[in-house]
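S.K.: This is the structure I want to talk about, given as structure tokens.
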């Protein structure tokens, strides 16, 4: 049984493009699978798609015209993701931000990653900062459906107005809107958001200015 955790506010992060620059890691991961089953190099639109979607959705997209879809899906489930973790780059200032806000703010991850998110957070030494991590395996409906956000808000026993969702993609924007959660656009000025930041330290200022925490 999950015991709810009461906090003054909740700060919810997407993973790819927010906690980590994962572009190269995604390219290497999906290029490996594509190459194994005879597909050519990923195009730019392929890279954009896999950045935002679940692994299952990404492979169905990449192999939409291939007879090897089911083989690729099965192969992915048995893969060791460890070799691709080294291509991830943790965002500058992330750990400092997490340590500064953790006493007052509930910290969470809402991601369309599946079985790789736990390994990634542990490898970079930040898993202990997060009170709850919701992946695509923890919900029936992945983003942009707001189920992951609702699950996190229930955990913290907080209304949407006392939380923030930090994302970098259109799917994140749609998720925040569906959950009625204030959206912080990270390094993407093209999105519709209440706040825009291009550095982690800017997120703390937003929380402070909201009046939800004092520090």
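S.K.: Could you tell me what percent of the DSSP beta bridges with both partners in the chain are antiparallel, to the nearest 5?
M.R.: Taking every DSSP beta bridge within the chain, about 10 percent pair in antiparallel fashion.
S.K.: Given a Förster distance of 41 Å, report the FRET efficiency between residue 196 and residue 115 from their Cβ-Cβ distance, rounded to the nearest 0.05.
M.R.: On the way: r = 32 Å, r/R0 = 0.78.
E(calc), rounded to 0.05, equals 0.80.
S.K.: How many nm separate the modelled label positions at residue 151 and residue 80, each set 7 Å beyond the Cα in the direction of the Cβ?
M.R.: Each label point lies 7 Å from its Cα, and together they span 2.8 nm.
S.K.: Still on this structure, I have one more. Using a 10 Å cut-off on Cβ atoms, rank the peptides 107-113, 150-156, 120-126, 17-23 from the highest mean neighbour count down.
M.R.: Working: 107-113: 26.3, 150-156: 19.1, 120-126: 16.7, 17-23: 21.0.
Ranked from most to least packed, the peptides come out as 107-113, 17-23, 150-156, 120-126.
S.K.: By how many nm would the segment from residue 213 to residue 141 lengthen if fully extended, with 0.36 nm per residue of separation less the alpha-carbon distance?
M.R.: 22.8 nm
S.K.: Now for a different question. Once the piece of chain linking residue 66 and residue 127 is laid out straight, how much longer is it, given 0.36 nm per residue of separation minus the C-alpha distance between them?
M.R.: The residue 66-residue 127 span can extend by a further 18.2 nm.
S.K.: Also: Please give the FRET efficiency for residue 48 paired with residue 8, using the beta carbon to beta carbon distance and R0 = 45 Å, rounded to the nearest 0.05.
M.R.: In this case the efficiency is close to 0.80.
S.K.: Given only helices, namely DSSP H runs of n ≥ 4 each adding -39500 (n - 2.57), what is the per-residue ellipticity at 222 nm of the chain, to the nearest 500 deg cm²/dmol?
M.R.: Values: 10 runs with 89 residues, N = 215.
Mean residue ellipticity, 222 nm, calculated: -11500 deg cm²/dmol.
S.K.: Which whole number of Å³ per residue matches the convex hull of the alpha-carbon atoms in the stretch 73-171? List each step's numbers first, then the result.
M.R.: Working: hull volume 12.2 nm³, N = 99.
Output value, Cα hull per residue: 124 Å³.
All of the numbers you see were taken from the coordinates with simple rules; none came from a lab. As the structure is a computational prediction, the values presented were derived from the model and not from experiment. Backbone-built Cβ (ideal geometry, glycine too); neighbour counts: all protein chains shown.
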